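The values are calculated or read from the model by the stated rules, or taken from the named source; none is laboratory data. Note that the coordinates shown come from a computational prediction; the quantities given were computed from them, not determined experimentally. Reconstructed Cβ throughout: ideal geometry from the backbone, glycine too, with neighbour counts over all protein chains shown. The accessibility values were calculated without ligands, DNA or RNA, using every heavy atom of the protein model including side chains. Shrake-Rupley method; radii C 1.70, N 1.55, O 1.52, S 1.80 Å.
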Amino acid sequence: MEISKLLIVDPIDGEYTGKIIINNGKIEKIIKTEDSYYDYILMPGFIDTHTHGYGGIDTMTATEKDFKQWAEMNFKHGVTTFFPTTVSASKEQIKNVIKNTPIEKSIKGIHLEGPYININKKGAQNPEYIRNPEEKEIKEILNEKIKLITMAPEIKGFYDVINIIHKNNTVISLGHTEADYQEFKKAYEKGINRITHFPNAIKGLHHRELGGVGAVMLENFKIEMIVDGIHTSPDFVKLIYKIKNIDDIILITDSMSAAGLNDGKYDLGGLEVTVRDGKATLKDGTIAGSTLVFDKAVKNFQKFTNCTLTELAKVSSYNTVQNLKLQNLGRIKEGYIANLVLLDKNLNLKKTIFEGDYT
């Protein structure tokens, strides 16, 4: 397959016009052109490492068939790789999710968000299941499918299990935490450098105690961001874009099963969620995940920050590839898997290409 008249956007090589040839699911050849005219923008396929559900499908209750259907539905939003994400749950529930999740095609791993978090920063997590980590349970749960786990560094047992988790090649992300700056710094010095849905559910910035927000601004943490205009204001997103290295920002949706559906009542980990005008909340008003879709997050980030297309390719795919050590993804480069998105000049998604085929 040949696609021509493109503005090719690679996170490393930058922007240039040209055409690509795809063969056997991979980018076989890239041919640069001198002509400045192009019909479409070509970027690496989007990667969502924090998503609880979509289109009525929920990670906690999904069957293997549901997960495969979810993967297919993601293509209409440009997502070619995703990590189904749990909420705090019992050991048996978590093990059931692991069993049902097929690690194939666009699903590259599972993200455990909890249950090893601070109950005082639970957000929309069910307090019934929040607990401290114990070595025995961690060993029972961990396997090659678990690529990411959100934990609070200040809870009892955290430092007793991090080496076990790291040996499983699982990345630890700090989140749902009341930890102060010194605790964040201690975790950072132990090799933990990722933050879950920053700045939500972490300790705020104060001039006498930097908290988690200040730790992110001062240290080289990599941060997830839900750029929906609800979890983070446009001005806050612009502030972080100016402060942080672009290589450290990772777009996510944190979407729940209501994403792609109408307003109404939904369930998240046994908690009732109301979606009104696209905003998901618990009965007490706590924000409960999102209804954000990834191509909208991409457009929002560019609108809020006026970033370059090259920077957009980093926050939507390449930075995740680097952080989670995914292979042959996130670049428009010869020999790489042809997971790509075609966008118009207003960044509207026109086509998704998965392993060399139009979806």
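Restricting the search to the stretch 189-214, which residues are touching a residue at least 24 places away in the same chain (Cβ under 8 Å) and outside any loop (DSSP other than H, G, I, E, B)?
Arg194, Ile195, Glu209, Gly211, Gly212, Gly214
Please find, within the stretch 165-176, the residue that is surrounded by the most Cβ atoms within 10 Å (Cβ to Cβ) out of those that are polar (S, T, N, Q) and farther than 23 Å from Pro127 by Cα. Before the answer, list the steps.
Filtering the stretch 165-176 for residues polar (S, T, N, Q) gives 168-170, 173.
Cutting the leftovers down to farther than 23 Å from Pro127 by Cα gives us 168-170.
Details: Asn168: 18, Asn169: 13, Thr170: 24.
My answer is Thr170.
What number of residues in the stretch 58-91 are small (Gly, Ala, Ser), within 18 Å of the chain's Cα centre (by Cα) and closer than 23 Å to Glu355 by Cβ?
2
Where in the stretch 1-90 are the strands (runs of 3 or more DSSP E), entirely inside, with at least 2 residues that are free of Cβ contacts under 8 Å to residues at least 40 places away in the same chain and open to solvent by 10 Å² or more (accessible area, probe 1.4 Å)?
Correct list: 2-10, 14-23, 26-32.
Is at least one residue of the stretch 177-188 more than 23 Å from the chain's Cα centre (by Cα), among the aliphatic types (A, V, I, L, M) and either part of a loop (DSSP other than H, G, I, E, B) or surrounded by fewer than 20 Cβ atoms within 10 Å (Cβ to Cβ) (or both)?
no
Looking at Ser255, is it modelled with pLDDT of 95 or more and out of contact with any Gly (no Cβ under 6 Å at 6 or more places or on another chain)? Don't jump to the end; show me each part of the working.
On the way: modelled with pLDDT of 95 or more: yes; out of contact with any Gly (no Cβ under 6 Å at 6 or more places or on another chain): yes.
Answer is yes for this residue.
Among the listed residues Lys105, Lys147, Lys139, Lys99, which satisfies the condition of being over 19 Å from Ile202 (Cβ atoms), within 22 Å of the chain's Cα centre (by Cα), of a type in the set (D, E, K, R) and in a helix (DSSP H, G or I)?
It is Lys99.
For the stretch 143-164, how many residues are of a type in the set (A, V, I, L, M) and open to solvent by 30 Å² or more (accessible area, probe 1.4 Å)?
Number satisfying all stated conditions: 1.
If Ile94 passes every condition in (1) open to solvent by 30 Å² or more (accessible area, probe 1.4 Å); (2) more than 18 Å from the chain's Cα centre (by Cα); (3) under 20 Å from Val171 (Cβ atoms) but one, which one does it miss?
Failed condition: (1).
Residue by residue through the stretch 328-359, note down the ones that are outside any strand (DSSP E or B) and either among the hydrophobic types (A, V, I, L, M, F, W, C) or modelled with pLDDT under 95 (or both).
Leu329, Ile332, Ala338, Leu347, Thr359
Of a type outside the set (Ser, Thr, Tyr), open to solvent by less than 10 Å² (accessible area, probe 1.4 Å) and closer than 23 Å to Asp48 by Cβ: which single residue out of Ile250, Ile246 fits that description?
So the residue among Ile250, Ile246 that is of a type outside the set (Ser, Thr, Tyr), open to solvent by less than 10 Å² (accessible area, probe 1.4 Å) and closer than 23 Å to Asp48 by Cβ is Ile250.
When you go through Ile149, Ile243 one by one, which is the residue that is among the aliphatic types (A, V, I, L, M) and under 23 Å from Thr86 (Cα atoms)?
Ile149
Does at least one position in the stretch 110-126 carry a residue that is assigned to a loop (DSSP other than H, G, I, E, B), among the basic types (Lys, Arg), out of contact with any His (no Cβ under 8 Å at 6 or more places or on another chain) and open to solvent by 10 Å² or more (accessible area, probe 1.4 Å)?
no
Pick from the stretch 254-275 the residues that are surrounded by fewer than 16 Cβ atoms within 10 Å (Cβ to Cβ), in contact with a strand residue (DSSP E or B) (Cβ under 9 Å, 6 or more places away or on another chain) and not acidic (Asp, Glu): which of them is nearest to Gln125 (Cα to Cα)?
Taking the candidates together, the pick is Lys265.
Check Glu272 against each of (1) of a type outside the set (Gly, Ala, Ser); (2) within 19 Å of Thr196 (Cα to Cα); (3) without any contact (Cβ under 8 Å) to a residue 12 or more places away in the chain and name the one condition it does not meet.
Of the numbered conditions (1) of a type outside the set (Gly, Ala, Ser); (2) within 19 Å of Thr196 (Cα to Cα); (3) without any contact (Cβ under 8 Å) to a residue 12 or more places away in the chain, the odd one out for Glu272 is (2).
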